1. Please compare each pair in K71/K217; K6/K345; K152/K183; K31/K63; K77/K124; K96/K381 to a cut-off of 30 Å on the Cα-Cα distance and tell me which ones are over it.
2. For the range 292-352 and the range 213-260, compute the distance between their C-alpha centroids and round to whole Å.
3. Kindly report the accessible area of the chain per residue (heavy atoms of protein chains, probe 1.4 Å, no ligands, DNA or RNA), in Å².
4. Would you grab the residues whose amide H sits under 5 Å from the one on L293? Only those 5+ places off in sequence or on another chain, please, with H modelled 1.01 Å from N.
5. Quick one: angle between helix 191-200 and the longest Cα principal axis of the chain, in degrees between 0 and 90, rounded to 10, please.
6. What is the list of residues in the range 221-241 whose amide nitrogen lies under 14 Å from a point 7 angstrom out from the Cα of L178, following Cα to Cβ?
7. Using a 10 angstrom cutoff on alpha carbons, build the Gaussian network for the chain and name the most mobile of M379, M292, M335.
8. Given an 8 Å cut-off on Cα distances and at least 6 residues of separation, report the relative contact order of the chain as a percent.
Amino acid sequence: MYQQFKSVSISYRTAPLEIREQIALNEEEAKALMLRLKDFFELSDVLVVSTCNRTEIYYASSKDLNAELVKLLLIQKGIADPTSFHEYFEHYRIGKAAVRHLFEVATGLHSQVVGDMQIPNQIKQAYQWSADLHMAGPFLHRLLHTIFFANKRVAQETSFRDGAASVSYAAVELVETLAIAPKILVVGLGEIGADVCKNLAQKGDADITLINRTRTKADALAASGEFRVTDFADLAAELSRADIVISSIQAGQPFFTKKMVQELNGLTYKYFLDLSVPRSVEPEVEQLPGVMLYNIDTIRSRANAALARRLEAVPTVEDIIDESVAEFNDWSKEMVVSPTINKLKNALEQIRQEEMARFTKQLSEEEAAKMDKITSSMMQKIIKLPVLQLKAACKRGEAETLIDVLNDLFNLEAVRQ
């Protein structure tokens, strides 16, 4: 099974956003694709991962079905010219490479923001989809749980997840230190503003209002979280109401001026986070009593410091992945001999039961119970060494020879499971 594991991937490393967004799958689409894969190719151990940065399909098959899977994915997404998309896909056709790739994706090594804390939950969600459709077999179950344990080690043993390593997430992290359950106003919903909203949506304890010159964009973002949306014409009222203002307005000069803020009704303690370049909040607003201003350089320095700590931890993360992959590799090799071990146990148990049946007729119930206990203990000790030898042979890559010997000695092919 290990060598049959394969993957096909499209990500920010190979494709621009306008390509990735055409292929991204929601839960309903991902499950529909998995069912088609099951019907068309009878695949097992299927995992479909789809985020804003990547869409990947993992599966187990003796055949290389990557090209067919890409074709099926593109057809499902209604791509008119599939051939123009082929160049954006990466293929992992060898089990070792596919397993390693999934480990690196799941731990955040391949994230756009290295060490991304969202990716473990996204992998768990994809795993749940597989489990819901009964498309996760023993191999995938063991693989994912090994990955989850590796992720736990990464969190506990390294600084790989410490701090906020993106500007948008650093802004949200800063918000958490400024006030408890604040009223937040997000003005301007470009790329950074939209990212801030996605991160804010995970907090759940703040009153968040969105304002954008184009209201439809604000409405679309509001659908992904519990946000209020108001018109740009209501900006003055919302500015007075807010405790924290996050601005990512793209303009040639400051939009929020000292005069504008000074004229607000009932000015209270207020924080401005200016994520725009050029700046959209006039530096002089900080001269007003109760007003604090954080610009993008301040926030980026927090993100850069966190990113530096994460990058320093990468070698340790890779060591943890190496150990985890090796452990999983050993387990997958032992899967090869598991049927032989079960047959051997059944063969010896059959001999024990037959011999017990011959002699227990002459014994009392108490004597028969003692005999059963003694012979069962003997069988456990007899089977122990062959099992250990089989597992050791797996690690050496010599299991097939020992399996053949045991099959011949005990006629295991005739033994029922």
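1. K71/K217; K6/K345; K152/K183; K96/K381
2. Using only Cα atoms, the two centres lie 43 Å from each other.
3. 51
4. Close amide H contacts, sequence-distant or interchain: F272.
5. The two axes meet at around 60 degrees.
6. The answer is 239-241.
7. Maximum among the listed residues: M379.
8. Values: 575 pairs, mean separation 55.3, N = 417.
The normalised contact order for the chain reaches 13 percent.
The values are calculated or read from the model by the stated rules, or taken from the named source; none is laboratory data. Please read these numbers as outputs of a predicted model, since none were measured by experiment. Here Cβ is always computed from backbone atoms with ideal geometry, including for glycine, and neighbour counts include all displayed protein chains. Surface accessibility is based on the protein's heavy atoms, side chains included, excluding ligands, DNA and RNA. Shrake-Rupley method; radii C 1.70, N 1.55, O 1.52, S 1.80 Å.
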